[in-house]
Amino acid sequence: MSADAEQSPTSSPQPPTSSPQPPESSPQPPGISPPARALSLWRDRRFTRFWAGNTVSQFGDRITELALPLIAVSALGATANQVAWLTALIWAPNLLGIFLGAWVDQRPRKRRLMVLADVLRAAVLLSLPVAYVLGTVTLPQLYLVAVLAGAGEVLFNTAYPPFFVRLVPRMSYVDANSKISTSRSASYVAGPAIGGALIQALTAPVAIVVDALTFLVSAVLIGRIPVQEEAPTTGEAAPPLLRRAREGLAFVVRHPVLRASLGCATTVNFFTFVAGSGLVVLFATRGLGLSAGAIGLALGIGATGALLGAVCAPRVSRRIGIGRGILVGAVLFPAPIALAAVADGPLWLRAATLAGSEFLSGFGVMLFDINLNSLQAAVIPDHLRSRVAGAFGTVNYGVRPLGAVAGGALATLLGLRPTLLIAAAGGCLSLLWLLPSPIPRIRSLDGVDAGTFGAGEVPEERPVAG
C-alpha cells in the first residue's frame with residue numbers, strides 16, 4: 001500500500017514484552033509476531049531472506065520497466081498511444097484488487113501465494129525472449145504480459161500484509177519497512193543504469209530474462225522462510241466473495257485511521273499523477289530548456305532523496321512521532337513540484353532547482369510511505385489484512401490513471417507550469433484528511449492494535465483449505 005502505498009497514542013498502555021525470537025530456533029508463536037527489543041533484523045535469517053529476495057526482485061523490475069516499452073517501440077514500432085496503453089494495462093489488475101484481496105484472506109497459506117505470484121511473473125516474462133528468438137513477438141502478447149505480470153504483483157501485494165506481521169515483531173515494523181524501502185529506493189538509483197547496460201548488451205527481450213530469474217530467486221528465498229500460518233480448516237462454507245470484499249471496504253471506511261490514510265494517500269497520488277513523470281520531463285525539456293543528460297541527472301538525484309528518506313524515516317519518526325512523520329511526508333511529497341514549476345535563472349540554476357525538487361519529493365514519499373505502512377500493519381485485524389490491502393489498492397492505484405488523464409487535459413488547457421502548480425497545491429490538500437483524524441496524535445506503535453480506535457469489527461472467518 002504504493003505504489004504500490006504505504007501510529008499509537010502516547011497515553012495507551014505498553015503491551016507486554018517478550019524475549020526476542022532467535023533467528024531460526026524456537027517456533028514462532030501463533031498469530032502476529034510479539035514485540036521484540038534487542039534482536040536486530042539483520043541477525044534474523046527469516047527477515048534477511050525475505051529482504052534479499054525482495055531486493056533482487058526490485059532491481060529486476062527496473063530492467064523490465066525499461067525493456068517492455070523499448071520492445072514495443074523498437075521491435076514493433078508502437079505509437080505513443082499504444083505505449084500508454086501498455087503502461088495502463090500493468091496497473092489495470094489493481095482495479096480488481098478488492099476482490100482478489102477478499103479471496104486471498106480465505107487462503108491459509110499466504111507464503112505459498114507469494115511464491116506462486118513470483119513464479120507466475122517469471123513464467124510470463126520468459127515468454128517474451130522465447131517469442132523473440134522464434135520471431136513471433138507481437139503487441140497483443142506485450143499487452144497480455146503486462147496484464148498477467150500486473151495480476152501477479154497484485155496477488156503478491158495482497159498476500160504480503162498477513163505474511164509481514166508473522167515475519168516481523170511489532171516494534172520493528174518501522175525498521176523493517178525502512179530496510180525494504182531503502183533497497184527499493186536503491187534500485188531506482190542504480191537499477192536504470194544496470195538495466196540500460198544489459199539492454200544495450202543483450203537487447204531488450206533477452207535482458208528480461210534477468211528479471212524473470214530475479215522472481216525465481218525471490219520465490220526460492222521466500223519459500224524457505226519458516227513462518228507459522230493458520231492451518232487450513234474445512235466444513236463451514238465461506239461467505240460469498242462479494243460480501244467479503246464489501247466487508248473489507250466497509251471496515252476501511254469505518255476505521256478513523258484507515259479512512260483518513262486512504263483519503264490522504266488517494267488524494268496525494270491523484271495529484272502527483274496529474275504532474276506525472278511524463279509532464280515533468282516535458283516541462284524540463286520545453287519549459288526549462290534542459291538536455292536529456294541534465295534531466296537524467298536531476299531525476300537520479302531525486303532517487304537519492306528517496307534512498308536517504310528510507311534510511312532516515314525511523315529516526316525521524318522516533319524524534320517527532322509516527323503520526324507527525326506521516327503529516328510531514330504528505331506535504332513534502334507533493335509540495336516540491338511547485339519548486340520545479342517556478343524554476344528560473346541561468347541553466348545551472350534551473351537544473352539544480354529541478355534536482356532539488358525531485359530530491360525533496362523523494363525524501364517526502366519515503367517518510368510518508370514507511371510510517372503509514374507501519375501504522376496500517378498495527379491497526380488492521382489479521383483476518384482482514386488482505387481484504388484491506390485489496391481495497392486500498394483498488395482505490396489508491398485506481399485514481400492514478402485518472403490523475404494522469406486529468407494532468408494531460410489541464411496541460412492542454414492551461415499549460416505545463418500552471419498544471420504543475422495545481423498538482424503541488426492539490427497534493428498538499430491531502431493533509432485535510434489527516435488533521436481531524438487520530439493520526440497526528442500517534443507517536444509510536446506502543447499499545448496500538450486493531451481495537452485501539454473502536455472502529456467496529458468484522459467477525460473473524462476461518463480460512464478454507466486450499
Burial ranking of peptide ranges 134-147, 260-273, 358-371, 174-187 (average Cβ count within 10 Å, highest at the top): 358-371, 260-273, 174-187, 134-147
Probe 1.4 Å, all protein chains in place: accessible area of W85 in Å², nearest 10? 140 Å²
So for segment 164-283, what are the equivalent ellipsoid semi-axes in whole Å, largest first, each being the square root of 5 times an eigenvalue of the Cα gyration tensor? 34, 26, 17
How big is the convex hull of the Cα atoms of segment 304-427, per residue, in Å³? 114 Å³
R46 accessible area, nearest 10 Å², 1.4 Å probe? 20 Å²
Ellipsoid semi-axes in whole angstrom, largest first, where each is sqrt(5λ) of the Cα gyration tensor of segment 387-443: 28, 18, 6
Going residue by residue through segment 301-317, the Karplus relation 6.51 cos²θ - 1.76 cosθ + 1.60 with θ = phi - 60° gives ³J(HN,Hα) values, rounded to whole Hz and with x marking Gly or Pro, of 5, x, 5, 5, x, 5, 4, 5, x, 5, 6, 8, 4, x, 5, 5, 5
Taking only protein heavy atoms and a 1.4 Å probe, the highest-to-lowest accessible-area order of D344, D211 is D344, D211
Ordering R385, R112 by accessible area with a probe of 1.4 Å, largest first, what comes out? R112, R385
Checked segment 153-197 with the C-alpha gyration tensor, a ≥ b ≥ c its square-rooted eigenvalues, rounded below a/c of 1.5, otherwise prolate if a/b is larger than b/c and oblate if not; verdict oblate
When only the heavy atoms of the protein chains count and the probe is 1.4 Å, how do R254, R441 rank by accessible area, highest first? R441, R254
Please list 3J(HN,Hα) in residue order for segment 143-153, calculated via the Karplus relation 6.51 cos²θ - 1.76 cosθ + 1.60 where θ = phi - 60°; whole Hz, with x for glycine and proline. 4, 5, 4, 4, 5, 5, 5, x, 5, x, 5
Label A201 and T285 with points 7 Å out from Cα along Cα→Cβ: what is the distance between them in nm? 2.9 nm
extent check for segment 110-202: Cα max minus min per principal axis, descending, whole Å, gives 53, 29, 16
Using only Cα positions of segment 62-220, each an equal point scatterer, no hydration layer, compute I(q)/I(0) via Debye at q = 0.15 Å⁻¹ and quote the log10 values to two decimals. -0.88
Nitroxide proxy distance, nm - points 7 Å out along Cα→Cβ at V342 and Q82: 4.4 nm
L120 accessible area, 1.4 Å probe, all protein chains in place, Å² to nearest 10: 70 Å²
³J(HN,Hα) across segment 333-338 via Karplus (A = 6.51, B = -1.76, C = 1.60, θ = phi - 60°), whole Hz, x for Gly/Pro? 5, x, 4, x, 4, 5
Cα lying deepest toward the dipole's positive end in segment 85-211, options V168, M114, L155, charges on Cβ: V168
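Would segment 354-400 count as rounded, prolate or oblate if I go by the C-alpha gyration tensor, calling it rounded below 1.5 in a/c and otherwise prolate when a/b exceeds b/c, oblate otherwise?
Oblate, since a/c reaches 1.5 and b/c is not below a/b.
The values are calculated or read from the model by the stated rules, or taken from the named source; none is laboratory data. Since the model is a prediction, treat every value here as computed from it, not as a measurement. All Cβ positions, even for glycine, are placed from backbone atoms using ideal geometry, and neighbour counts span all protein chains on display. Heads up: the accessible areas ignore ligands, DNA and RNA and are worked out on the full protein's heavy atoms, side chains in. Shrake-Rupley method; radii C 1.70, N 1.55, O 1.52, S 1.80 Å.
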